[in-house]
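Written out below as structure tokens is the structure these notes cover.
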Amino acid sequence: RRVHGGLYTYFGSDGFTWGSTVSGWRALVRSAHDAGLAVSLSVGPGYDDTRIRPWNSATRKPRANGAYYSAMFEGAIAAHPDFISITSFNEWGEGTQIEPATARGCIAPPVSNLPCSYEG
């Protein structure tokens with residue numbers, strides 16, 4: 001496939017935008033590939049920015065002990081994009097952090113779908 005451009009979904013909150021809606025990723029990737037475009041789907045471990053945007057609880061996605069992260073990865077893999085990205089490594093304000101951190105007595109690995117014991 002010859003690629004002259006592409007698209008990238010940023011939000012790791014399923015349903016936050018059309019591009020971040022996992023149920024639509026297969027159609028999105030198929031349409032983009034048909035148009036000769038590369039696709040990078042972005043996954044996240046959860047999303048909760050209510051500490052910095054208290055009014056935004058509608059976009060909150062609990063981590064569910066890694067189940068949310070795993071489901072997003074599975075959806076992305078099933079859609080066959082060119083790339084899969086992670087939102088984000090250290091965005092603590094939005095609750096999408098996966099960087100190594102000490103939390104409640106354990107060390108979280110840098111990239112894992114098994115968070116330590118984070119709430120939310």
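Descriptive notes on the structure:
- Filtered residues of the range 13-43 (kept if over 15 Å from residue 77 (Cβ atoms), outside any helix (DSSP H, G or I) and open to solvent by less than 30 Å² (accessible area, probe 1.4 Å)): 13, 36, 38
Yes or no, residue by residue, for (1) of a type in the set (Val, Ile, Thr); (2) surrounded by 13 or more Cβ atoms within 10 Å (Cβ to Cβ); (3) closer than 9 Å to residue 45 by Cα; (4) at pLDDT below 90:
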| residue | (1), (2), (3), (4) |
| --- | --- |
| 73 | no, yes, no, no |
| 76 | no, yes, no, no |
| 80 | no, yes, no, no |
| 98 | yes, yes, yes, yes |
| 101 | no, yes, no, yes |
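- Count - residues of the range 61-76 that are of a type outside the set (Phe, Trp, Tyr) and more than 16 Å from residue 21 (Cβ to Cβ): 7
- For residue 58: the one exception among (1) in a loop (DSSP other than H, G, I, E, B); (2) at pLDDT below 90; (3) farther than 16 Å from residue 84 by Cβ: (1)
The values are calculated or read from the model by the stated rules, or taken from the named source; none is laboratory data. What you are looking at is a predicted structure, and each value in this text was computed from that prediction instead of being measured. Because the Cβ atoms are built from the backbone with ideal geometry, glycine has one as well, and the counts that use them run over all protein chains shown. Keep in mind that these areas ignore ligands, DNA and RNA; they rest on the heavy atoms of the full protein, side chains included. Shrake-Rupley method; radii C 1.70, N 1.55, O 1.52, S 1.80 Å.
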